[in-house]
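Derivation of every value follows stated rules applied to the coordinates shown; laboratory data play no part. Keep in mind that this is a model prediction, so the values were computed, not measured. In this analysis, Cβ positions are derived from the backbone assuming ideal geometry, glycine residues included, and neighbour counts consider all displayed protein chains.
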Amino acid sequence: MGAPACSGIDAGVEYPDDLPAIDRYLLTPENGPEAPLALGEFKIGPETCSGVDTHPVTQKLSPEDLSRFLAAQGAGSITPKLARSNLYWFDFPARDKSFVRLRLAVLEDAKHATQDLHDAVLQHGPGWWGVRRSNLAVLAPKASLREAMAFAIKYKLVCWGVFTYAANDDAYVVPGPYAEL
């Protein structure tokens, strides 16, 4: 008998099969084409976010802000599930009946959200990634850099927030069209 087919924060994750090829979305730091997929060697090109508002957000956001954004990107009706008072699960369909579970933490401000995401990816280890916008921090399960970028590009998460990826000893922010100080 096999194990139940679900993926998420605490399980081995199988990301969807229909992720886009990402090379055309990547630029070198100097805006050249054919950027290598290595941390510090690429950034997300602005055309990736064509039609998406990438202006920095300073007001507090809620889980519904992320839900509306995802619906506008064609992600369907991914509804947040309350895990505790400031923590929500967003389950994305993956292979067969499995899903990729993203954790959304609602913090008091951008500074705390930045620290939360940084700490979370480092605590979980290499391959964990996430995005942050204003007071919201989204943690995603372990993936190769290519798979994480493809998922974040497919759902325009790289346009919604600042993308962060955990390597061996540090968390790396990948420059892109959305940026906050």
Q) What is the local net charge at Thr114, summed over the other residues whose Cβ is closer than 10 Å to its Cβ (Lys, Arg +1; Asp, Glu -1)? A) -2
Q: Straight distance only, please: which aspartates and glutamates reach the Cα of Lys111 with their own Cα at less than 17 Å, same-chain residues fewer than 8 apart left out?
A: Asp119, Glu180
Q | the chain - charge dipole about Cα centre, Lys and Arg +1 at Cβ, Asp and Glu -1, debye rounded to 20 | A | 480 debye
Q) Rg/Rh for the chain: what does it come to with C-alpha atoms and Rh from Kirkwood? A) 0.94
